Ligand SMILES: C[S@@+](CC[C@H](N)C(=O)[O-])C[C@H]1O[C@@H](n2cnc3c(N)ncnc32)[C@H](O)[C@@H]1O
Ligand code: SF4
């Protein structure tokens, strides 16, 4: 089997959602549930297997180019269960040789003692939710770990032989100053991570932070100063910014996330998991699995497992291609943008003309369409202009 079965069909990735955490963090609106009682490991992995078989036809013969196991807190699952899941994926679809297989892991739960076993199970890349290296900030965020546990997790991941370790960091935290944000970045760089995802804290409405916003959030000027200082630190340490929030050493960019940003396909497996697929007829659909874990487990393998299905076409499809592609600093090849959006180059040129005239977008000599430096800073406004 080849990586791509037919010309024009995007590469295929798999996203697996494991929806439980030990406790909910105050700022988080991801699809995750505080674990009560035992983790239903066997039942959940068996349900993933049934759902994988139901969706296997959508792969159109493609092998899996990358796997991302996210959550929730996937590292709560035993490494053997993750190994079984990966073996099943290989049996049913075939996982490409050398495929990037990422697992999200939270410092501070017992699972850090198992990082080496995750590697043996086939995981090639770890994404650690460090968030901050300041104990007071971590406590206010509602994290289950302190800074020492975060440092220990990175050290353990390195000792286990992982390369391409990512640390998620947030900035713009309650009570945080520019020097504090910079110290967090300096701290994870000292630990030797290869990739940093650096997110500004967003206050999401349906969260404890949304219901009672912290009074001491830094103002816009402070947040901008944090970005400037942190990005300078990252660049000086050799981590180049390649996406709005992602910074990597050479060779350490996330292949799976680049798949999303270049509008690749992915199967979504697990309660609440999103998928995006191109059909044999060229139609692009977005899917979302039933979100409630118990209902999803009961339905997996049957039609009820699919909660939502939306066909994307015309201006909505074109917009989504750019919503993703313009997150990349290098943008996307124009030929790829045309193929994914079903537009001619002339149609794209006409549609993009107003944002190019504003200086937000560049069509490079190398035939890529990318945001300008100003466009990247103003990405929300740029996208608003393009919105259908
Ligand atoms: C899927 S989440 C969870 C990963 C993992 N469960 C953890 O928390 O360690 C991925 C990342 O999104 C970021 N994130 C979550 N909620 C956020 C928010 N409200 N604002 C900014 N970043 C957020 C965090 O950095 C988090 O690590
Ligand atoms: S551990 Fe991660 S997924 Fe779970 S609530 Fe906290 S931020 Fe959200």
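The values are calculated or read from the model by the stated rules, or taken from the named source; none is laboratory data. Please read all numbers here as calculations on a predicted model, not as lab measurements. Positions of Cβ are backbone-derived with ideal geometry, glycine not excepted, and every protein chain shown enters the neighbour counts.
Summary table below
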| read-out | value |
| --- | --- |
| Residue that is farthest from the chain's Cα centre (by Cα) [pool: residues in the stretch 223-264 that are part of a strand (DSSP E or B) and crowded, with 23+ Cβ neighbours inside 10 Å] | 247 |
| Any chance residue 232 is in the same structural domain as residue 131 (by TED's automatic domain parsing), without any contact (Cβ under 8 Å) to a residue 60 or more places away in the chain and in contact with a strand residue (DSSP E or B) (Cβ under 6 Å, 6 or more places away or on another chain) | no |
| Members of the stretch 170-194 that are buried (at least 18 other Cβ atoms within 10 Å of the Cβ) and assigned to a loop (DSSP other than H, G, I, E, B) | 172, 173, 174, 176, 191, 193, 194 |
| In the stretch 141-169, the residues that are within 13 Å of ligand 1 (Cβ to nearest atom) and in a loop (DSSP other than H, G, I, E, B) | 142, 143, 144, 145 |
| Top-ranked residue of the stretch 84-99 - restricted to ones that are in contact (Cβ under 8 Å) with a residue 24 or more places away in the chain and part of a strand (DSSP E or B), ranked as surrounded by the most Cβ atoms within 10 Å (Cβ to Cβ) | 99 |
| Number of positions in the stretch 100-125 that are closer than 16 Å to residue 14 by Cα and in contact (Cβ under 8 Å) with a residue 40 or more places away in the chain | 6 |
| Subset of the stretch 127-145 that is touching a helix residue (DSSP H, G or I) at 6+ places or on another chain (Cβ under 7 Å) and surrounded by 18 or more Cβ atoms within 10 Å (Cβ to Cβ) - its residue that is farthest from residue 79 (Cα to Cα) | 134 |
| Odd one out for residue 197, checked against (1) modelled with pLDDT of 95 or more; (2) more than 15 Å from ligand 2 (Cβ to nearest atom); (3) within 30 Å of residue 114 (Cα to Cα); (4) crowded, with 16+ Cβ neighbours inside 10 Å | (2) |
| Qualifying position, being away from ligand 1 (no atom under 12 Å from the Cβ), assigned to a helix (DSSP H, G or I) and at pLDDT 95 or above, among 47, 13, 65 | 47 |
| Residues located in the stretch 20-44, provided they are part of a loop (DSSP other than H, G, I, E, B), within 16 Å of ligand 1 (Cβ to nearest atom) and under 30 Å from residue 213 (Cα atoms) | 22, 23, 24, 25, 26, 27, 28, 29, 30, 31, 32, 35 |
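Residue by residue, here is whether (1) within 16 Å of ligand 2 (Cβ to nearest atom); (2) touching a strand residue (DSSP E or B) at 6+ places or on another chain (Cβ under 8 Å); (3) at pLDDT below 95; (4) more than 24 Å from residue 143 (Cβ to Cβ) holds:
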position: 3; (1), (2), (3), (4): no, yes, yes, yes
position: 6; (1), (2), (3), (4): no, no, yes, yes
position: 20; (1), (2), (3), (4): yes, yes, no, no
position: 36; (1), (2), (3), (4): yes, no, yes, no
